[in-house]
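Q: Can you keep this structure in mind? I'll have questions shortly.
The values are calculated or read from the model by the stated rules, or taken from the named source; none is laboratory data. Just so it is clear, the structure is predicted and the values come from calculations on it, not from any experiment. Note that we place each Cβ from the backbone using ideal geometry, even for glycine, and neighbour counts take in every protein chain shown.
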Amino acid sequence: MESWNDAYSGEQSFLRTGFTKSPKDVDIAVIGIPYDLGTTGRPGSRFGPRAVREQSLAVGEFKWGVWPWDHDVRDKHTVRDLGDVTGFTAYPERLCPMVEQRATEILDAGASLLSIGGDHFVSLPLLRAHAKKHGPMALIHFDAHSDTWVDDDLNHGTMFYHAIQEGIIDTDRSIQIGLRTPNPDTHGIEILNADYCLGTPAKTVAEEIRDRVGDHPAYVTFDIDFLDPAYAPATGTPVSGGPNAAYARHVLQGLAGMNIKGADQVEVAPHYEGPGQITALAGATIAADLLYLISLAR
Ligand SMILES: [Mn+2]
């Protein structure tokens, strides 16, 4: 009799892809980064990777794949969960070197990388590792906030400013989607704000992202607060007036075939959930879509 692990039982690797330590012979590695010392508002996203992994067991329950993709990404590529990068809670200054080193190991082994945060600051060391391999990245950034505040502080509202200063983002090929907070300096990045998105079909937004990025090596970063708090209440800095989860997924699905080298899904802080773990469920679903985008680019 074929064994079947129900979503509520068994081990909790992302999409039940199985835990391993080494990136050897892995096509796409998934890591968690349980860090929230970069938050400026409500903390708690250190619990994000665990919550997203748990909900991913339901998202990935079907061996035919994730709706509406026409195949199972786990049949096409060897996907493994490499666990969490940890050991920096009392030493936040260790976060960047530790994450960059682990990401570099994974990329040097020939694997692609999907990361689960953690607050959004974790994208900085991840981008550093990707830029070392691919050169300055086109950033495709879903968020209610620009995260490009001009500030020497290293927090989850400034890391893309620092990435721009370091030259690891190609601003001419980068685009931010869903912004709905004051943003005095765009740094030359194209912005499709939340009001624009709400009046524009997802398909059109996806086409505009494609036009901006072209076939340049791209990194997708998805802050769960891109979604309206009705669909993602459990996050550090929610902002009303955003798109819903279906819209976000339609935009992501419209990016299939782009040259997406890596991605992260960040800012799920599960202790602010109401009933139903809807934020972590949205995070897990979007992370699965990101996995498909990385797979299709390989
Ligand atoms: Mn944000």
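Q: Could you look through the stretch 237-256, keep only residues that are of a type outside the set (S, T, N, Q), within 12 Å of the ligand (Cβ to nearest atom) and buried (at least 20 other Cβ atoms within 10 Å of the Cβ), and pick out the one that is farthest from Q55 (Cα to Cα)?
A: Among them, the one singled out is G242.
Q: Kindly indicate the residue of the stretch 201-236 that is in contact (Cβ under 8 Å) with a residue 24 or more places away in the chain and of a type in the set (S, T, Y) and also surrounded by the most Cβ atoms within 10 Å (Cβ to Cβ) among those meeting that condition.
A: T235
Q: Out of the residues in the stretch 136-165 that are of a type in the set (D, E, K, R) and within 12 Å of the ligand (Cβ to nearest atom), state the one that is nearest to P97 (Cα to Cα).
A: If we take residues in the stretch 136-165 being of a type in the set (D, E, K, R) and within 12 Å of the ligand (Cβ to nearest atom), then D147 is nearest to P97 (Cα to Cα).
Q: Being in contact with an Asp or Glu (Cβ under 6 Å, 6 or more places away or on another chain) and of a type in the set (D, E) is the filter here; which residues of the stretch 106-139 pass it?
A: Within the stretch 106-139, just D119 meets the criteria.
Q: Taking the stretch 166-181, which residues are under 18 Å from P97 (Cα atoms) and of a type in the set (V, I, T)?
A: Once the filter is applied, which keeps residues that are under 18 Å from P97 (Cα atoms) and of a type in the set (V, I, T), the stretch 166-181 yields only I168.
Q: Can we say M159 is over 27 Å from A269 (Cα atoms) and touching a helix residue (DSSP H, G or I) at 6+ places or on another chain (Cβ under 7 Å)?
A: no
Q: State which residue pairs qualify: first residue of a type in the set (A, V, I, L, M) and inside the stretch 26-54, second residue modelled with pLDDT under 95 and in a loop (DSSP other than H, G, I, E, B) in any location, beta carbons under 8 Å apart, and separation of 6 or more residues or different chains.
A: Between residues of the stretch 26-54 that are of a type in the set (A, V, I, L, M) and residues that are modelled with pLDDT under 95 and in a loop (DSSP other than H, G, I, E, B), the close pairs are L37/T89.
Q: Out of the stretch 154-176, which residues are closer than 15 Å to H120 by Cα and of a type in the set (A, V, I, L, M, F, W, C)?
A: L154, M159, F160, A163 - these are the residues of the stretch 154-176 that are closer than 15 Å to H120 by Cα and of a type in the set (A, V, I, L, M, F, W, C).
Q: Looking at R180 and the list (1) within 16 Å of the ligand (Cβ to nearest atom); (2) under 22 Å from V52 (Cα atoms); (3) of a type in the set (K, R), which single condition is not satisfied?
A: Every listed condition holds for R180 apart from (2).
Q: When you look at V79, is it of a type outside the set (F, W, Y), away from the ligand (no atom under 16 Å from the Cβ) and farther than 17 Å from I168 by Cα, yes or no?
A: In short, yes.
Yes or no, residue by residue, for (1) modelled with pLDDT of 95 or more; (2) away from the ligand (no atom under 16 Å from the Cβ); (3) touching a His at 6+ places or on another chain (Cβ under 6 Å):
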site: V205; (1), (2), (3): yes, yes, no
site: V220; (1), (2), (3): yes, no, no
site: D223; (1), (2), (3): yes, no, yes
site: P275; (1), (2), (3): no, yes, no
site: Y292; (1), (2), (3): yes, yes, no
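Q: Let me ask something else. Look at the stretch 136-157 and say how many of its residues are in a loop (DSSP other than H, G, I, E, B) and surrounded by 21 or more Cβ atoms within 10 Å (Cβ to Cβ).
A: The qualifying residues number 9.
Q: Of all residues in the stretch 225-236, how many are closer than 11 Å to A282 by Cα and more than 8 Å from the ligand (Cβ to nearest atom)?
A: 5
Q: Could you list, in sequence order, all residues of the stretch 12-54 that are among the acidic types (D, E), surrounded by fewer than 23 Cβ atoms within 10 Å (Cβ to Cβ), out of contact with any strand residue (DSSP E or B) (no Cβ under 7 Å at 6 or more places or on another chain) and in a loop (DSSP other than H, G, I, E, B)?
A: D25, the sole residue that qualifies.
Q: Just give me the residues in the stretch 158-168 being part of a helix (DSSP H, G or I), closer than 21 Å to R42 by Cβ and not aliphatic (A, V, I, L, M), in sequence order.
A: Once the filter is applied, which keeps residues that are part of a helix (DSSP H, G or I), closer than 21 Å to R42 by Cβ and not aliphatic (A, V, I, L, M), the stretch 158-168 yields only F160.
Q: Filter the stretch 115-135 for residues that are surrounded by 24 or more Cβ atoms within 10 Å (Cβ to Cβ) and not in a helix (DSSP H, G or I) and give the result.
A: S115, I116, G117, G118, D119
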